[in-house]
Amino acid sequence: MPAMRSPLFHCPVCDASLDAGPRGALANQGFVRCECCSHEARWQGNRLRADGSDRRVTAAEPAPSLDACDRRMSTLGSLGVTRGRLLDIGCGTGRFLLVAKARQLEVAGIESDEDQRAQAVAALGIGMASSLDTLEPEDLRFDVITVWGALCTVDAPLSVLAWAAERMRPGALLGLSAQEPETRTQHRFTRQSISLCALRAGFEPVQVPARRSVANRIFSALRPGPDELELWARRR
Ligand SMILES: [Zn+2]
């Protein structure tokens, strides 16, 4: 009798093919850990692919506090982002966009969840796309694109970042956090896998001034912290 073959899993960050058998997904609360890039993605019968066609993006939960939004804007401001067009991918109810708008940035958002999008539209007084594919043509270039945790909720994080790379003006910045939301998580990023994802999508890191405590730095050595912001620029 032939031995049972374990199903294969394709890592959505590095494309490695992995054994999703007893040592993989089922042993890890439904997540497969990639032995090549350390990324963890939810096992869904191998539906997750790096070239995934699902273009819906929704906010990670819970929504960031106003303080957290302020700190993010301050970090962006310290790197010279004080004017221009900002797109928040997976903007939820638009809390971060409200803070950015109050600081005179021209804002746009994408949110797949209908209720959250309606709240964001009402709060901001702007139209809003429901997926990456429904952004209006005139909205296709930005000075800053932010993805706050929403990368954990999509099927194909690499394709979301590649999409962003194509819509950045020269000198534009990508603000990224890969915190693990409470629910709807498809991905658990490590420092290594979030960096690899951004690099493969065509970005290079931008140094952010360090403000973290020693304890925080030790704790967050492996995984990005909930309030942490990574900045990337498109590779020339
Ligand atoms: Zn991998």
Which condition breaks for I89 when tested against (1) more than 20 Å from P62 (Cβ to Cβ); (2) touching a strand residue (DSSP E or B) at 6+ places or on another chain (Cβ under 6 Å); (3) crowded, with 17+ Cβ neighbours inside 10 Å?
(1)
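A120: buried (at least 23 other Cβ atoms within 10 Å of the Cβ), modelled with pLDDT under 95 and not polar (S, T, N, Q), yes or no?
Values: buried (at least 23 other Cβ atoms within 10 Å of the Cβ): yes; modelled with pLDDT under 95: no; not polar (S, T, N, Q): yes.
For A120, the condition - buried (at least 23 other Cβ atoms within 10 Å of the Cβ), modelled with pLDDT under 95 and not polar (S, T, N, Q) - is not met.
Sort out which residues of the range 147-174 are in a helix (DSSP H, G or I) and in contact with a Ser or Thr (Cβ under 6 Å, 6 or more places away or on another chain), and write them in order of number. Steps first, please.
As a first pass, look at the range 147-174 and keep what is in a helix (DSSP H, G or I): 150-152, 157-165.
The one that is in a helix (DSSP H, G or I) and in contact with a Ser or Thr (Cβ under 6 Å, 6 or more places away or on another chain): C152.
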Quick check on my filter: what residues within the range 108-146 are part of a helix (DSSP H, G or I) and of a type in the set (V, I, T)?
V121, T134
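The values are calculated or read from the model by the stated rules, or taken from the named source; none is laboratory data. Quick caveat: nothing in here was measured; it's all calculated off a predicted structure. All Cβ positions, glycine included, derive from the backbone under ideal geometry; neighbour counts span all protein chains shown.
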